[in-house]
Structure formats: C-alpha cells, structure tokens
1. Sort out which residues of region 12-47 are of a type in the set (S, T, Y) and touching a Cys at 6+ places or on another chain (Cβ under 7 Å), and write them in order of number.
2. Please go through region 69-87 and give me each residue that is modelled with pLDDT under 90 and within 15 Å of G54 (Cα to Cα), ordered by number.
3. Output the number of the condition that L3 fails; it satisfies all remaining conditions of (1) surrounded by 14 or more Cβ atoms within 10 Å (Cβ to Cβ); (2) modelled with pLDDT of 95 or more.
4. Scan region 39-70 for residues that are free of Cβ contacts under 8 Å to residues at least 60 places away in the same chain and either β-branched (V, I, T) or assigned to a loop (DSSP other than H, G, I, E, B) (or both) and report the count.
5. Across region 1-10, which residue is nearest to F64 (Cα to Cα) among those that are assigned to a helix (DSSP H, G or I) and not aliphatic (A, V, I, L, M)?
6. Counting only residues that are in a helix (DSSP H, G or I), surrounded by 15 or more Cβ atoms within 10 Å (Cβ to Cβ) and in contact with a Lys or Arg (Cβ under 8 Å, 6 or more places away or on another chain), how many does region 11-38 have?
7. Mind counting the residues in region 43-69 that are surrounded by fewer than 20 Cβ atoms within 10 Å (Cβ to Cβ) and at negative phi?
8. Could you tell me how many of the residues in region 58-82 are touching a Leu at 6+ places or on another chain (Cβ under 9 Å) and closer than 15 Å to L27 by Cα?
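The values are calculated or read from the model by the stated rules, or taken from the named source; none is laboratory data. These numbers were taken from a predicted model, which means no experiment stands behind them. FYI the Cβ positions are ideal-geometry reconstructions off the backbone, even for glycines, and counts take in every protein chain you see.
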Amino acid sequence: MKLKDINREDMLRAIAECDVLGRAAFLKKYGFKPGKRFFIVYNRLRYDSKAIVGVAAGLSASEFSGGAATIGPVCRRCDLTLKEIKQ
C-alpha cells in the first residue's frame, strides 16, 4: 500500500496493535526504531509516527522516510495529531 492510500481505520488498527503489544514489542516486531522527534498523539498517548504509518501501510522502515513532510499529510488526512516533541 502507498502512503497516500492509508486511511484512518488503517492508522487506528496500527495504534491498537501497538497498545496490545506494547511499544517495545511493536517496534521490534516490525523493525522500527523509537521515534526521536515526531509522534502521533491519540487519546493523550504518544506513538512513534514512522512505525505507526509504516505498519498501517504495510511498509518497512527502509521503504519510506519519516518526518513531518512525509508523515504530516497522512496524519492530517486521517484526522490524527502529529506533534514535534523535543527530547
């Protein structure tokens, strides 16, 4: 699936799986690294943006780049909040 084809249901499915598995297990299962700067905020919880979008699209970490320019349009289309969090 391409990033432009992701819908809100795809994103929420990935978020739900992350909730069930826990962050570390979710990232390990799909081969993503923890987010450094941009996070999806949903129900007041933070999620690694690239991992959520990647799982929603069925893409690996090496198949697309993260960051606001890539992830932002997906989040806006799916009515989800992308937040820059400096750690």
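1. Y47
2. Within region 69-87, none qualify.
3. L3 satisfies all of (1) surrounded by 14 or more Cβ atoms within 10 Å (Cβ to Cβ); (2) modelled with pLDDT of 95 or more except (2).
4. So the count comes out to 13.
5. The extreme case among them is K4.
6. So the count comes out to 1.
7. Of the residues in region 43-69, the ones surrounded by fewer than 20 Cβ atoms within 10 Å (Cβ to Cβ) are 43-46, 58-65, 67-69.
So of that shortlist, the ones also at negative phi come out as 45-46, 59-65, 68-69.
Of the residues in region 43-69, 11 are surrounded by fewer than 20 Cβ atoms within 10 Å (Cβ to Cβ) and at negative phi.
8. Restricting attention to region 58-82, the residues satisfying the condition of being touching a Leu at 6+ places or on another chain (Cβ under 9 Å) are 59, 64, 68, 70-76, 78, 80.
With the extra rule that they be closer than 15 Å to L27 by Cα, the set shrinks to 59.
Counting residues in region 58-82 that are touching a Leu at 6+ places or on another chain (Cβ under 9 Å) and closer than 15 Å to L27 by Cα gives 1.
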